[in-house]
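**Student:** Below is one structure. I have some questions about it.
The values are calculated or read from the model by the stated rules, or taken from the named source; none is laboratory data. Note that this is a predicted model, so its numbers are computed, not measured. Cβ sites come from the backbone with ideal geometry, for glycine too, and all protein chains shown count toward neighbours.
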2 protein chains.
Amino acid sequence: MPARTPLDANAILAATEEILRRHGPDKATVVDVARTLGVSHAAVYKHFPSKQALREAVTRRWLDRSRDALAVIAADSAVPPAQRLRTWLHAVLAGKQAKIREDPELFAAYAILAAAHSGVATDHVTDLLGQLTAIVADGAADGSLPTDDAQATARVVFNATAKFHHLGHAAEWQNPGIVTELDEVCTLLLQGLHAPTSP
Amino acid sequence: MPARTPLDANAILAATEEILRRHGPDKATVVDVARTLGVSHAAVYKHFPSKQALREAVTRRWLDRSRDALAVIAADSAVPPAQRLRTWLHAVLAGKQAKIREDPELFAAYAILAAAHSGVATDHVTDLLGQLTAIVADGAADGSLPTDDAQATARVVFNATAKFHHLGHAAEWQNPGIVTELDEVCTLLLQGLHAPTSP
DNA sequence: CAGGTTACAAATTTTGACATCTGTTACCAG
DNA sequence: CTGGTAACAGATGTCAAAATTTGTAACCTG
């Protein structure tokens, strides 16, 4: 008895996300996912080699959505690099705040998954650092953010704003002053980046 | 049958620390602590109103030791404020790295306790912010770190260095490049702090 | 009466039998 | 031969009973 719908990987990922939202990461089973799709759990194993791989895939998809939304801001050459850097950092924070607000259960689930599969998380950091590097490189090109190593500079900025994007700080993002704090850090960093480098 | 040693609060805290080290925070019971001290567990309750209070006290003692070590650096007026700020931030990181290296079990236990009793943790942050504010104020006084609100500036610096002192980043402190990364962030922040403020 | 004891109720944790889940295999349909 | 099924063994999770721990009380003792 073949499934009515062809059951592609994407349908499995969507179903997994739904189960994750409803049951949380600890109690989300692949049997649940299969039941939602109306197939046996072995069918899911035809598409993903293990539960671990399925969870990684769903986490990656989640992170990739964030990455793509941010890429638009990073690439917006209409905005001067310094301001774009600030806007981008605010967008990183705002995106995560929005996800927490809209669906705290799912966010908590993904936070646990991202921490568990650190490879996926470090890949995502690499993606974000790439975007930040592009912004800094634009600033280096037009002279507004002088640096001879855009990648190193981007890494420093990323490290200095960890409080506003690292999941370990998620609880603090509820704090009403958090956006102001990010803005203050941005201002200080941009002041440092504008400053003429001593030879 | 009175205990051989008078059993003061400090002895209980030391015993609790030992139990914490051996059993971990989840399995450390006040019965264990009492057994270590050769008394009944009710005796412990003569000195601490609850297990919660005992755990808070032991956590506070641990954090206060760090605070006192750092206070020496913060108050060392022989070192110029800008350099002192850098040294102090390095000391915060180095102190935590040392504790992880020397006794990972105990560090993990304290990390969990500090997260649980958030009041103790926020008090500690307040202490550290006070030290940082003192350094910045010294810099404001001698003109090396121009600012009209030392406390606000200290808070910005603290936020920008969260990666190097917030317990949520403890795993990253094993990374060999971490000290260099802190140094780079310090350099950028100090560059921003030196820069003339626009009117 | 400060600081210890034993004894005890309520809350929590551990235990162990039982159920479910994971991952694999052998098999079937188009 | 891709994509499904059912049946299975071993790992993992669940749940109620039993044991332990928390916190209190009533009671000693120098």
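**Student:** Of all residues in region A:134-143, which are buried (at least 21 other Cβ atoms within 10 Å of the Cβ) and not small (G, A, S)?
**Tutor:** Quick first cut of region A:134-143, residues buried (at least 21 other Cβ atoms within 10 Å of the Cβ) only: A:135-136, A:138-139.
Within region A:134-143, A:I135, A:V136, A:D138 meet the criteria.
**Student:** I would also like to ask the following. Quick check on this structure: which one of A:L106, A:L89, A:L132 is hydrophobic (A, V, I, L, M, F, W, C) and more than 19 Å from A:L193 (Cβ to Cβ)?
**Tutor:** Working: A:L89 fails: more than 19 Å from A:L193 (Cβ to Cβ); A:L132 fails: more than 19 Å from A:L193 (Cβ to Cβ).
Sole residue among the options that is hydrophobic (A, V, I, L, M, F, W, C) and more than 19 Å from A:L193 (Cβ to Cβ): A:L106.
**Student:** Kindly establish whether B:V92 is in a helix (DSSP H, G or I), assigned by TED's automatic domain parsing to the domain that holds B:P176, among the β-branched types (V, I, T) and loosely packed, with under 14 Cβ neighbours inside 10 Å.
**Tutor:** Working: in a helix (DSSP H, G or I): yes; assigned by TED's automatic domain parsing to the domain that holds B:P176: yes; among the β-branched types (V, I, T): yes; loosely packed, with under 14 Cβ neighbours inside 10 Å: no.
So B:V92 fails the test.
**Student:** Of all residues in region B:6-40, how many are touching a residue at least 12 places away in the same chain (Cβ under 8 Å) and more than 22 Å from B:L63 (Cα to Cα)?
**Tutor:** Qualifying residue count for the region: 6.
**Student:** Continuing with the same structure: Among the candidates A:A74, A:A94, single out the residue that is of a type in the set (A, V, I, L, M), touching a Phe, Trp or Tyr at 6+ places or on another chain (Cβ under 7 Å) and at pLDDT 95 or above. Break it down into steps so the answer makes sense when it comes.
**Tutor:** Details: A:A94 fails: touching a Phe, Trp or Tyr at 6+ places or on another chain (Cβ under 7 Å).
Going through A:A74, A:A94 in turn, the sole match is A:A74.
**Student:** Checking the conditions here, which among A:H117, A:H90 is in contact with a Lys or Arg (Cβ under 8 Å, 6 or more places away or on another chain) and touching a residue at least 60 places away in the same chain (Cβ under 8 Å)? So that I can check it myself, show each step before the final result.
**Tutor:** Values: A:H90 fails: in contact with a Lys or Arg (Cβ under 8 Å, 6 or more places away or on another chain).
Only one candidate passes the filter, namely A:H117.
**Student:** Oh, and also: Would you check which residues across region A:7-19 are in contact with a Phe, Trp or Tyr (Cβ under 8 Å, 6 or more places away or on another chain) and under 19 Å from A:A115 (Cα atoms) and list them?
**Tutor:** Here is the first cut: in region A:7-19, the residues in contact with a Phe, Trp or Tyr (Cβ under 8 Å, 6 or more places away or on another chain) are A:9, A:12, A:17.
Selection gives A:E17 alone.
**Student:** Going by the structure shown, is A:A78 surrounded by fewer than 17 Cβ atoms within 10 Å (Cβ to Cβ), among the aliphatic types (A, V, I, L, M), more than 16 Å from DNA strand D (Cβ to nearest atom) and part of a helix (DSSP H, G or I)?
**Tutor:** Working: surrounded by fewer than 17 Cβ atoms within 10 Å (Cβ to Cβ): yes; among the aliphatic types (A, V, I, L, M): yes; more than 16 Å from DNA strand D (Cβ to nearest atom): yes; part of a helix (DSSP H, G or I): no.
No, not satisfied.
**Student:** Can you name every residue in region B:67-121 that is basic (K, R) and closer than 22 Å to B:V157 by Cα? Step through it out loud before you land on a result.
**Tutor:** Going residue by residue through region B:67-121, those that are basic (K, R) are B:67, B:84, B:86, B:96, B:99, B:101.
Hits for region B:67-121 are B:R67, B:R84, B:R86, B:K96.
**Student:** Anything in region B:144-155 that is touching a residue at least 24 places away in the same chain (Cβ under 8 Å) and either buried (at least 21 other Cβ atoms within 10 Å of the Cβ) or within 15 Å of B:P81 (Cβ to Cβ) (or both)? List them, or say none. Talk me through it step by step, then tell me what you get.
**Tutor:** We begin by selecting, within region B:144-155, every residue touching a residue at least 24 places away in the same chain (Cβ under 8 Å); these are B:144-147, B:153-155.
Once the filter is applied, which keeps residues that are touching a residue at least 24 places away in the same chain (Cβ under 8 Å) and either buried (at least 21 other Cβ atoms within 10 Å of the Cβ) or within 15 Å of B:P81 (Cβ to Cβ) (or both), region B:144-155 yields B:S144, B:L145, B:P146, B:T147, B:T153, B:A154.
**Student:** May I pose another question? Limited to region B:153-194, what total is found for residues that are in contact with a Lys or Arg (Cβ under 6 Å, 6 or more places away or on another chain) and more than 7 Å from chain A (Cβ to nearest Cβ)?
**Tutor:** Step one: of region B:153-194, the residues in contact with a Lys or Arg (Cβ under 6 Å, 6 or more places away or on another chain) are B:159, B:162, B:169, B:186.
Subset that is more than 7 Å from chain A (Cβ to nearest Cβ): B:186.
The qualifying residues number 1.
**Student:** Continuing with the same structure: Would you mind stating whether A:V120 is more than 9 Å from chain B (Cβ to nearest Cβ) and in contact with a Ser or Thr (Cβ under 8 Å, 6 or more places away or on another chain)? Full working, then the answer.
**Tutor:** Working: more than 9 Å from chain B (Cβ to nearest Cβ): yes; in contact with a Ser or Thr (Cβ under 8 Å, 6 or more places away or on another chain): yes.
Against the criterion (more than 9 Å from chain B (Cβ to nearest Cβ) and in contact with a Ser or Thr (Cβ under 8 Å, 6 or more places away or on another chain)), A:V120 qualifies.
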